[in-house]
Each structure stands twice: as C-alpha cells, then as structure tokens.
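Q: Before we start, here is the structure in question, set down as structure tokens.
Read-outs throughout are calculated quantities, based only on the coordinates presented, and are distinct from any laboratory measurement. Note that the structure is predicted; figures quoted are calculated from it, not measured. Glycine gets a Cβ as well: all are built from the backbone with ideal geometry, and neighbour counts include every protein chain shown.
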Amino acid sequence: MMLSSDARRQINKALVPEAVFEDGYAGELRASFHASSGILNIYPCDVPIAEEGLLRGCCDFPDRNLEDGTDYDFRIVLDEECKRSVLFRGEKYEVQPYDLVQNVFSRNGGLIESEIMADKAVAIFGCGSVGSLIALALARVGVGNFLLVDNDVLEYHNICRHQCGIHEVGEYKVDAVKARILDINPTAHVEVCATLAEYAPKALWDRWVGEKRALCVGCADNREADVYVNGLCLYYSSPFVSIGFWERAFAGEIFYWLPDSQMTCYKCALGDGSLTSRNSARRRLYTTQEKLKDVHFEPGIAVDIDFVTNIGAKVAIDILNIGNDRFTQRLLPELQQYTLVCNTNNPAIGGKMAEIFSYPLQVTTSLKVTPLPGCDCCKEDGRHE
C-alpha cells in the first residue's frame, strides 16, 4: 500500500479569543491564515502585532454596529441557535475559543504560578545573545514586567547566537526583543531604553528598581556594567544576577546577590573589570591572557552560550519566587553565590584555563567569594567591619 509522504489534513478551524463574545466588545480583529492546516488564528484587538499581511475581520452580531461598506476578510457570526462560526472565503469555520493568558501558560500549571509571575518585574541590562534568551525564558514562565536596556543594533553577525532573526536586523536590540516578548505574552508590560546602563536616567531606576524592586540581570559585555548595576541594586535593595562568558564560551560564570543577605558585592567578588580583557565593547569575553593577540575572541556558538544562560535563567526564576511557599526552588539551595559552568575542558578550545575543570558540563558548587577590606558597599550591608 502506498502511503502519502504528507498526511496533513485541512482542519478548517478558527481560533477565536473569548473576549470577542463578551457584551460590548467592539472593533476590528486581525488574523493570520495558515493554508497548510486550514487554521485561521484570530487575535484580540489589544495584542501588539505587526499588521502587515494580516487579515481584517469583525463580529457580525445583531447587537454590533459595523462600519458601512467595509470589506472584511472574515466575519464571526451567530446563527439562529446562537451557534458560533466564522465565515471565511465562502466557507464556515468551526470556532475554537481561547483565553490568551490561560492558554499560553496552561502547561506551566503545577510547576509555576502564572498569576504570581505576572506581578514580577525584571530589568535586563544587555539584550544580546544572553539577554535575549533570558528575556524570552522569563516571558515563557509568565513574568509580566520587563525593562530592557541596551544601546546596540542587531546585526547579521549576531543572528547565529541571538533569539531574533534576519528580518529584525537593523532594529535596536531592545525593540526586537520587546516584540518577541509580546509575541509570547501580549499582556506583558515592556519598557525599553536604548542606552548603556551607566546612562539610564535616575527616574528609570527609581521606577523599576526602587518602586518595583525589579530583579536586575546583568547581560552586558563587560564587568564594569555589572559593577555599576550591582552597586545600584545595593542602593535600592533589589536582587541582582550576572551572567558572563570566558573565551569562546568554553565556560561561563553566574553571580547573584540578594538584599538583606550579607552577601558579597560583585566588585569585591570579581573586580571592577581592570584585571580582565576583552576585544571590544560589543563582546563579553573574560580572559587572564596578557597578550591579547594570542586570545581567541570568538564569542562561542549558541549551544554553549545557551547552556550557561539557561542555568542563569533558573537562578533568576528561583530568586523571583523567594518567599513563595508553593514554588519548589531548583538551584538556590545548592549553588553558591558564584558559579562556574563548563562547556568543555578541552584546551584546544579554552586554552590552559580549561584544565581547571575536571570534566565537560561541570557546574561548580564549592566556590566562595568574600568581601574586600574597606568595601563601603559590603560594610554598609553588614558583611564585615
């Protein structure tokens, strides 16, 4: 018997937001049609989506006033028995209603609580390969408030590691990542600031870190930025996570700081950036190599960057759920304040530094950081006299 190599069938179904059927709903709708499946995906009017190429539709109900003469691509109708259907291209499509928030996060049920995460705030400093992945990972667990800070524009050489694609090349990274967040969770509040962390206005810090107590995530390309951000987190008593990489991303590092915890500040733990080198302000690459010409400055491939970043995302989720008795912490009970994550201990990729790891994919759990004498930040927080 001959089997078809393509067993796809035409479903002829319309996915319709529940809000459309509520009393008083008005306004045009947008939809995308997927011809291969026969599914018409209809969006609520408040979903921030690009309108180019989308179909236009309306609710053709007896109690709705339609604009005269408008040529809509589809209409949501009720028959004599108040049965719902969609008229599209001369055919009736079965209606499958959905609730945007409930359906998007339904598979997180029992693992993480969407209603709690919706109130959480995260400020991400650096929206490159690391920051873009952190942003989307947190969007997928339902975080409802994002501040994105980065002054860079997406370029073609970023694509092999970034979460955004070719059609977003030329956009500011903060704008491209914002669109991707809203494509996952259209109800999220996302504010962008196309500048360096050091130049972000005080009013922004007051609103996000002072008032919202946002978790600040350092994903920029240098230690100096993380020193600055962590310093302000100490001032505002807001938590901080940093994620960075060594040469060729053969290894990465995760650092976190929590208020009222007597933890060591980032500057004491890892320095102010003067003891490490990197090839440009566009890449976050740490090395102890004195002869920079001997350093391999490739940022690393996506799978290596993503492996470390995903561990950092788990730390961030744990921090956001501190005090939530219904959440099971994944990493914070085990990981120290400073963690190294090894992608490979092969010297051919990481040089001699790779030999400090015993095996590939090693995650350290024993490294400790201590305050430096005279550190005003740590002294004020009671970590030493």
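Q: May I ask you to compute the full-extension gain from Lys352 to Glu334, defined as 0.36 nm times their residue separation minus their alpha-carbon distance, rounded to one decimal in nm?
A: Stretched out fully, the Lys352 to Glu334 stretch lengthens by 3.7 nm.
Q: By count of other Cβ within 10 Å, fewest leading, how are Tyr72, Tyr266, Tyr359 ordered?
A: Lowest count first: Tyr359, Tyr72, Tyr266.
Q: For the pair Cys160 and Arg89, what calculated FRET efficiency results from E = 1/(1 + (r/R0)^6), where r is the Cβ-Cβ distance and R0 = 41 Å, to the nearest 0.05?
A: 0.55
Q: Further, regarding this structure: Kindly put Met117, Met353 in sequence by how many other C-beta atoms sit within 10 Å of each C-beta, fewest to most.
A: Placing the least packed residue first, the sequence is Met353, Met117.
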